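The values are calculated or read from the model by the stated rules, or taken from the named source; none is laboratory data. All values derive from a computational prediction rather than experimental measurement. Here the Cβ positions follow ideal geometry from the backbone for every residue, glycine too, while neighbour counts run over all protein chains shown. Please note that ligands, DNA and RNA were not included when accessible areas were found on the heavy atoms of the full protein model with its side chains. Shrake-Rupley method; radii C 1.70, N 1.55, O 1.52, S 1.80 Å.
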Amino acid sequence: MPIALQKEAASFDSLYPLEKASPRLARLKAYLEPMPREKLRRLAIAAQELTVRHFGRTMRLFAPLYLSNECVNICQYCGFSRTNRLERITLSPEEVEKEARYLTKQGFRHLLLVSGEHPKKVSVEYLIECVERLRPFVPEISLEVAPLDTCDYARLVQAGLDGMVIYQETYDPESYACWHVAGPKRDFLYRLLAPVRAYEAGIRRIGIGALFGLTPWQEEALRLGRHLDALLRQCWKAFLTVSFPRIRPSAGNFVAPFPLADRDLIQLVIAFRLSFPQVGLVLSTRETPALRDALAPVGITMMSAGSRTDPGGYTGAGLRTVPIRPAPTAPAKRETREQFAIADDRSPEEVAARLQELGYDPVWKDWERCTS
Ligand code: SF4
């Protein structure tokens, strides 16, 4: 039976049993142990060499394009959570095209369409319309939206979709139930099996990740590694990527119960690079310029740049309200539509220039797609 249908009476442990994990997982565990600075420095050098051997001195750049901040779920850590007060908007396909044309003028050839989870406002038909509209001028399109059925992923592939990204947020079922208070996202297993459904539908670029800060980081990293290890076997024709987003300030003012320190994030990236040499590692503008510059050489292969996390954030598309000028003495209060605040607000050109200073070629388009 295809694993995507094995949901009944399943759990993370039964779907991805520890005893079936490859030796990669034991290596990952060892690299995640506390270690002295000097050992971490030596591992960083090894990680850098391995990255160059597998990916060259290149960095693929992409931009997120937010379609909608409307969401039916209550996720305690997210700015788009249903109970947060913010201006809600779903861009029309015309407005999505306007944003995409702006980004392609900036140089981007790979766009990640991102959205809150709202089955009516962000329906499969709407997503297909957006993909079809962008397809003629955007060479690579990925989606980071609600998990879908296999048949819906197949329709999106037919429309021109290349990749999908879905973060499990936390692989600990108890913690998952605690942070996801209401809405369809409470279905842990439907989300967990989305990458396999996407693969069965023909998607060949699949990204997974965990939101670090919800649980102790080493335990979360090991569960993420277990999922990745299994996907490398189940989805062997796909190119897999992993992300390590950390919780950022957002509407709702959620405070991470287990914050991931900068040094631990660096160790996490090194550990995944050394354990999974062929997997792409992704870094977003959640991190500061200094930390992104430091992480780029030790294993990151793909990063976003110049990002906005609100629908219409690049061009003002869909802006419905006129900002009210604050009284001179009142603190400026901005009506937000953002999912979270970014930490690297450099322009795409500035990020590309910095990468070149560090000895990396910024790549705006993934040429693998043209040759595969
Ligand atoms: S994390 Fe996703 S599903 Fe949850 S509130 Fe935010 S946008 Fe909605």
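Please go through (1) open to solvent by 20 Å² or more (accessible area, probe 1.4 Å); (2) part of a loop (DSSP other than H, G, I, E, B); (3) more than 9 Å from the ligand (Cβ to nearest atom) for residue 138 and return the number of the only condition it doesn't satisfy.
Going through (1) open to solvent by 20 Å² or more (accessible area, probe 1.4 Å); (2) part of a loop (DSSP other than H, G, I, E, B); (3) more than 9 Å from the ligand (Cβ to nearest atom) one by one, residue 138 breaks only (1).
Looking at the stretch 313-335, is at least one residue at pLDDT 90 or above and either among the charged types (D, E, K, R) or within 16 Å of the ligand (Cβ to nearest atom) (or both)?
Checked against the condition, which is being at pLDDT 90 or above and either among the charged types (D, E, K, R) or within 16 Å of the ligand (Cβ to nearest atom) (or both), the stretch 313-335 yields at least one hit.
Go through 31, 16 for me and flag whichever is touching a helix residue (DSSP H, G or I) at 6+ places or on another chain (Cβ under 7 Å) and either at positive phi or at pLDDT below 95 (or both).
Unique residue meeting the criteria: 16.
Considering the stretch 66-97 alone, what residues qualify as being over 19 Å from residue 247 (Cα atoms), within 12 Å of the ligand (Cβ to nearest atom) and open to solvent by 20 Å² or more (accessible area, probe 1.4 Å)?
The answer is 70, 72, 88.
Here's a check for you: in the stretch 173-201, which residue that is within 12 Å of the ligand (Cβ to nearest atom) and small (Gly, Ala, Ser) is surrounded by the fewest Cβ atoms within 10 Å (Cβ to Cβ)?
Ranking the candidates gives 182 first.
Exactly one of these conditions fails for residue 111: (1) at pLDDT 95 or above; (2) open to solvent by less than 20 Å² (accessible area, probe 1.4 Å); (3) out of contact with any helix residue (DSSP H, G or I) (no Cβ under 7 Å at 6 or more places or on another chain); (4) not polar (S, T, N, Q). Give me its number.
(3)
Answer with yes or no whether residue 214 is within 16 Å of the ligand (Cβ to nearest atom) and buried (at least 20 other Cβ atoms within 10 Å of the Cβ).
Taking the combined requirement at face value, the residue satisfies it.
If I filter the stretch 157-171 down to residues being away from the ligand (no atom under 15 Å from the Cβ) and closer than 22 Å to residue 282 by Cβ, which single residue comes out as most open to solvent (accessible area, probe 1.4 Å)?
Per the stated criteria, the residue is 157.
Looking only at the stretch 87-106, decide whether some residue is in contact with a helix residue (DSSP H, G or I) (Cβ under 6 Å, 6 or more places away or on another chain) and farther than 26 Å from residue 317 by Cα.
No: the stretch 87-106 contains no residue that is in contact with a helix residue (DSSP H, G or I) (Cβ under 6 Å, 6 or more places away or on another chain) and farther than 26 Å from residue 317 by Cα.
Which of the following residues is in contact with a Cys (Cβ under 8 Å, 6 or more places away or on another chain) and part of a strand (DSSP E or B): 165, 114, 181?
Sole residue among the options that is in contact with a Cys (Cβ under 8 Å, 6 or more places away or on another chain) and part of a strand (DSSP E or B): 181.
Going by the structure shown, is residue 62 surrounded by 22 or more Cβ atoms within 10 Å (Cβ to Cβ), of a type in the set (Phe, Trp, Tyr) and more than 16 Å from the ligand (Cβ to nearest atom)?
When the stated conditions are applied, residue 62 passes them.
Mind listing whichever residues of the stretch 41-55 are in contact (Cβ under 8 Å) with a residue 60 or more places away in the chain and either in contact with a Pro (Cβ under 7 Å, 6 or more places away or on another chain) or surrounded by fewer than 16 Cβ atoms within 10 Å (Cβ to Cβ) (or both)?
Once the filter is applied, which keeps residues that are in contact (Cβ under 8 Å) with a residue 60 or more places away in the chain and either in contact with a Pro (Cβ under 7 Å, 6 or more places away or on another chain) or surrounded by fewer than 16 Cβ atoms within 10 Å (Cβ to Cβ) (or both), the stretch 41-55 yields 46, 48, 50, 53, 54.
Tell me the residue from 190, 171 that is aromatic (Phe, Trp, Tyr), assigned to a helix (DSSP H, G or I) and within 27 Å of residue 72 (Cβ to Cβ), please.
After ruling out the rest, the residue left standing is 190.
Residues to consider are 300, 247; find the one that is open to solvent by 10 Å² or more (accessible area, probe 1.4 Å), farther than 23 Å from residue 156 by Cα and under 14 Å from the mean Cα position of the chain (by Cα).
Of the residues listed, the single one that is open to solvent by 10 Å² or more (accessible area, probe 1.4 Å), farther than 23 Å from residue 156 by Cα and under 14 Å from the mean Cα position of the chain (by Cα) is 247.
Search the stretch 105-134 for residues being of a type in the set (D, E, K, R) and in contact with a strand residue (DSSP E or B) (Cβ under 7 Å, 6 or more places away or on another chain), and hand back the single one that is farthest from the ligand (Cβ to nearest atom).
Per the criteria, the residue is 109.
Can you find a residue that is of a type in the set (Lys, Arg) and in a loop (DSSP other than H, G, I, E, B) anywhere in the stretch 146-157?
Looking for residues that are of a type in the set (Lys, Arg) and in a loop (DSSP other than H, G, I, E, B), one finds none in the stretch 146-157, hence no.
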